[in-house]
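The values are calculated or read from the model by the stated rules, or taken from the named source; none is laboratory data. These numbers were taken from a predicted model, which means no experiment stands behind them. Here the Cβ positions follow ideal geometry from the backbone for every residue, glycine too, while neighbour counts run over all protein chains shown. SASA here: full protein model, heavy atoms, side chains in, ligands and nucleic acids out. Shrake-Rupley method; radii C 1.70, N 1.55, O 1.52, S 1.80 Å.
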Amino acid sequence: MSVIIYAENWDGKFKKLTFELASYGAKVAEMLGTSLVAVSIGKVEESELKELGKYGVQKVVATDHELLRPLDSKAYTSLIAQVAQKEDAKVIVMASNNAGKSIAPRLSVKMKAALGSGVNKLPLSTEPFVVSKKVFSGNAFAHLSLNTEVKIITLMQNSFDLVAKPVEPEIEQFSVKLDAADVKTQVKEVQKHDGKMLLTDAEIVISGGRGMKSAENWQPILELAELLNAATACSRPVSDEGWRPHEEHTGQTGKIIAPNLYFAIGISGATQHLAGVSSSKYIVAINSDKSAPIFEAAQYGIVGDAMKVLPKLVEAVKEIKTK
Amino acid sequence: MNILVCISNVPDTTTKVKFTDNHTRLDTAGIQWVINPWDELSLTRALELKDDASTGVKQVSVAHVGPASAEPTIRKALAIGADSAYRVNMEPADSYQVAAALAEVVKAGQFDIILCGIESSDYNGSNVGSMLAEFLDLPSVSAISNLKVEGGHLSITREIDGGKEVVTVPSPFVGIVQKGIAKEPRIAAMRGIMMARSKPITVVEAPDAEALSSFVAYEPPQPRAACKFIDPDNAGQLIELLQNEAKVI
Ligand SMILES: Cc1cc2nc3c(=O)[nH]c(=O)nc-3n(C[C@H](O)[C@H](O)[C@H](O)COP(=O)(O)OP(=O)(O)OC[C@H]3O[C@@H](n4cnc5c(N)ncnc54)[C@H](O)[C@@H]3O)c2cc1C
Ligand SMILES: Nc1ncnc2c1ncn2[C@@H]1O[C@H](COP(=O)(O)O)[C@@H](O)[C@H]1O
């Protein structure tokens, strides 16, 4: 018996997200009295695979194949299913991100295993196996009972703290037989915005809305983001206007994020916006209108003109950074 | 080339959600039902492709899994411009059942592109599209932000971490769409609404696929602590609080 996590890598490296999954998986394994196995797909050095041991992974099943370099959800699914069978997995955990969302549902059908997607905490019980997940775009949580022998969970980012649990993991190389006909997705072109802090990775996000008035006014937001090692985001009208690039748009129809700290500057706080950011640990609102709904979602607020407030924040951050 | 757009019927996003029966069921009283926003966009994109004769797209159909009470939403899709509709007659209990039912519709028809949204705004599953592809043993591409047909070939742009990729897959395939697929949802014109009345909705019997999971209870989100206001003249104090009180910077 085992609990399995899919340890995704980015250019051969794991991220905090991977270790969140490991920490979570270790806890679920403990609840079920079983061990934790990680599956890695792609080219990852052994020293990096061993990092997983810091968070309780007892065994790493690693596989690499040239044909698996681009994400092909069907091929990945079939591979993870093979490992799950081999390791007698009872619970399979993945991230609720692009890769997890394209693999977990396929795996659910392939293994006839119930899927709880976007889970935000440890299972509420194991008999029956009940998980908690966000529904109605953050306006409620549901308790979902997973009624099959094997269960699949996709975990929301930033919803589980890292728990150090050092072990020396066993590394097993797993070879797959694949031919080109098994992999249907062909990549023709890749465009990456290199060097930018990813919105979905950032612990701190500074976001501006229509209250920022124009693209030229973004300078203090960029400066604050740079100082705090934060990513920048925006509301939908801002990306529609072209003041900021589309990939920065957060909300129901944009990115759904859960940073530790979210600055909403000149954002009214429409439900569709909050749907993408309400899982943030702390929300700071800066808005000239005291009755803006964003203040109901925020823990810290400043009622004022963003153009006057932002330079003061930049100064204050510079001050603490030099201390 | 034919396109099938899978649509889910969801409460309007401004609906105040409430539960009944001791927090075990959604209270549907007073809910305004709409086409899931993503599905409205994928329908829009499908119709744009059909409007362009060079793509060879001939038919755009929609499919919904749900009871007869969802027909107004299906009619709306027909009014926007879909040529025909399928409804699998059942009250699905989970995404696995929805996908199993949609698979029946796809198998009975001739579709080259099957589109699903990235998530339904009700249960936020993000499941059905990929499940459907696995039921049909078809390739799927997730997070599609652009879909083009050029010279009979599909060109698909998908979002990846920190960028995008242009990919191709053989059809039929299941495309799971997200932001970017269409700019603004197309709205029904008067003529469309009139024409929709005579367009066919084929009712399909539910296959016998059992649900794998069940919703057992709901809870409202924890109320957040009241907002602490900081004097704008003394804005720097916010940074001090974030550092020493919230400990997030
Ligand atoms: C189906 C659907 C999906 C949607 N999805 C999304 C989504 O994903 N994301 C999203 O963001 N929106 C989404 N929307 C739009 C959403 O309803 C709101 O219209 C939008 O979030 C408003 O953006 P905003 O807060 O930037 O602008 P506004 O609502 O115009 O708010 C601007 C705010 O700035 C304040 N302000 C003005 N001047 C200043 C100043 N000098 N200093 C400080 N504050 C100032 C104002 O008081 C106001 O509160 C969606 C809508 C629909 C119908
Ligand atoms: N009941 C349904 N009938 C038809 N299509 C659906 C249904 N539910 C979900 N879908 C499709 O699957 C997508 C993702 O839904 P979900 O997995 O429920 O978040 C939606 O955007 C629709 O395209």
Averaged over the residues of A:26-34, the number of partner chain Cβ atoms within 10 Å of each residue's own Cβ comes to 0
Would you kindly state the longest site-free stretch of chain B, with sites defined as GluC sites (Glu not before Pro) in a DSSP loop (not H, G, I, E, B) surrounded by at most 14 other Cβ atoms within 10 Å? B:1-209
Longest principal axis of chain B (C-alpha) makes with the long axis of helix B:71-80 (C-alpha) an angle, in degrees to the nearest 10, of 80 degrees
Among A:Lys16/A:Lys255; A:Lys101/A:Lys213; A:Lys121/B:Lys247, the pairs whose Cα-Cα distance exceeds 24 Å are A:Lys101/A:Lys213
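Considering only the other residues whose Cβ falls under 13 Å of the Cβ of A:Pro123, what net charge follows from Lys and Arg at +1 and Asp and Glu at -1? It would help to have the intermediate numbers written out before the result.
Working: positive: A:Lys27, A:Lys90, A:Lys121, A:Lys133, A:Lys151; negative: A:Glu30, A:Glu127.
Once positives and negatives cancel, what remains is +3.
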B:Thr13 accessible area, 1.4 Å probe, all protein chains in place, Å² to nearest 10: 40 Å²
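Is the C-alpha gyration tensor of the range A:1-112 telling us rounded, prolate or oblate? Criteria: a/c under 1.5 is rounded; beyond that, a/b larger than b/c is prolate, otherwise oblate. It would help to have the intermediate numbers written out before the result.
Values: a/c = 1.56, a/b = 1.09, b/c = 1.43.
Note, shape of the range A:1-112 comes out oblate.
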If I take R0 = 41 Å and measure r between the Cβ atoms of B:Lys107 and A:His193 in this structure, what FRET efficiency does the formula 1/(1 + (r/R0)^6) give, to the nearest 0.05? 0.50
Order of exposure, largest accessible area first, which applies to A:Asp182, B:Asp94, B:Asp51 with probe 1.4 Å: B:Asp51, A:Asp182, B:Asp94
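At 222 nm, what value in deg cm²/dmol follows for chain B if DSSP H runs of at least 4 each add -39500 (n - 2.57) and the sum is divided by all its residues, to the nearest 500? The partial results should precede the final answer.
On the way: 6 runs with 64 residues, N = 249.
The helix-only estimate for chain B comes to -7500 deg cm²/dmol at 222 nm.
Restricting attention to the range A:44-150, which trypsin sites (Lys or Arg not before Pro) occupy a DSSP loop and are surrounded by at most 15 other Cβ atoms within 10 Å? Before the final figure, lay out the partial values.
Details: sites: A:Lys50, A:Lys54, A:Lys59, A:Lys74, A:Lys86, A:Lys90, A:Lys101, A:Arg106, A:Lys110, A:Lys112, A:Lys121, A:Lys133, A:Lys134; in loops: A:Lys112, A:Lys121.
Hits after loop and neighbour filter: A:Lys112, A:Lys121.
Sorting B:Met90, A:Met212 by accessible area (1.4 Å probe), largest first, what list results?
Working: B:Met90 25, A:Met212 0 Å².
Sorted descending by solvent-accessible area, the residues read B:Met90, A:Met212.
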Hey, what angle do you get for helix B:95-108 against the long axis of chain B, alpha-carbon based, 0 to 90 degrees rounded to 10? 20 degrees
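For the range A:121-236, what does the relative contact order come out to in percent, with C-alpha contacts under 8 Å and a separation of six or more? Intermediate results must be reported in sequence, preceding the final value.
Values: 91 pairs, mean separation 18.2, N = 116.
In percent, rounded to a whole number, it is 16.
Ignoring ligands, DNA and RNA, how do B:Lys183, A:Lys318 rank by accessible area with a 1.4 Å probe, largest first? Can you show the working numbers first?
Details: B:Lys183 185, A:Lys318 80 Å².
Final ranking, largest accessible area leading: B:Lys183, A:Lys318.
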Which value in deg cm²/dmol, rounded to the nearest 500, describes the helix-derived mean residue ellipticity at 222 nm for chain A, given -39,500 (n - 2.57) per DSSP H run of n ≥ 4 and division by the residue count? -8500 deg cm²/dmol
Would you mind classifying the range A:204-322 by shape? Square roots of the alpha carbon gyration tensor eigenvalues, ordered a ≥ b ≥ c; an a/c under 1.5 is rounded, otherwise it is prolate if a/b is larger than b/c and oblate if not. rounded
Looking at chain B as a GNM with Cα springs under 10 Å, which of B:Val106, B:Val216, B:Val177 has the largest mean-square fluctuation? B:Val216
Could you check which residue among A:Leu17, A:Leu227, A:Leu36 shows the biggest mean-square fluctuation in a GNM of chain A with a 10 Å Cα cutoff? A:Leu227
Distance between modelled label sites at B:Gln237 and A:Asp161, nm, 7 Å Cα→Cβ extension: 2.9 nm
Based on alpha-carbon centroids, what's the gap between the range A:96-133 and the range B:32-89 in Å, whole number please? 29 Å
Could you grab the relative contact order for the range A:2-182? Cα pairs under 8 Å, six or more apart, rounded to a whole percent. 28 percent
Qualifying lysines (Cα of each under 18 Å from Cα of A:Lys177; at least 8 residues distant if same chain): A:Lys43, A:Lys74, A:Lys86
Average beta-carbon neighbours from other chains, 10 Å sphere, peptide A:291-301: 4
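Report, in listed order, any pair from A:Lys50/A:Lys110; B:Lys58/B:Lys199; A:Lys112/B:Lys107 with a Cα-Cα distance greater than 18 Å. Could the numbers behind the result be given before it?
Working: A:Lys50/A:Lys110 30 Å; B:Lys58/B:Lys199 16 Å; A:Lys112/B:Lys107 20 Å.
Result: A:Lys50/A:Lys110; A:Lys112/B:Lys107 exceed 18 Å.
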Distance from the Cα centre of the range A:161-191 to that of the range B:147-172, in angstrom? 23 Å
Could you name the lysines whose alpha carbon sits less than 16 Å from that of B:Lys16, not counting residues in the same chain fewer than 8 places away? A:Lys134
To make sure I understand the rule: partners must be aspartates and glutamates, Cα under 16 Å from the Cα of A:Lys133, and not fewer than 8 residues away in the same chain. Which ones qualify? B:Asp94, B:Glu119, B:Asp122, B:Glu219
Can you give me the pair-distance distribution of chain B, C-alpha pairs, 10 Å bins, whole percents? 7, 28, 30, 18, 10, 7, 1
Counting only protein heavy atoms and leaving out ligands, DNA and RNA, the solvent-accessible surface of A:Thr34 at a 1.4 Å probe, in Å² to the nearest 10, equals 30 Å²
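Under the rule a/c < 1.5 gives rounded, and otherwise a/b versus b/c splits prolate from oblate, where does the range A:68-116 land using the Cα gyration tensor?
On the way: a/c = 1.75, a/b = 1.24, b/c = 1.41.
It comes out oblate by the Cα gyration axes.
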Output the relative contact order of the range B:2-222, whole-number percent, from Cα pairs under 8 angstrom with separation of 6+ residues. 27 percent
Roughly how many percent of the accessible protein surface of the range B:2-222 is carbon and sulfur, given a 1.4 Å probe and a whole-percent answer? 51 percent
Simple spin-label model, 7 Å along Cα-to-Cβ: B:Ala211 to B:Asn89 in nm? 2.0 nm
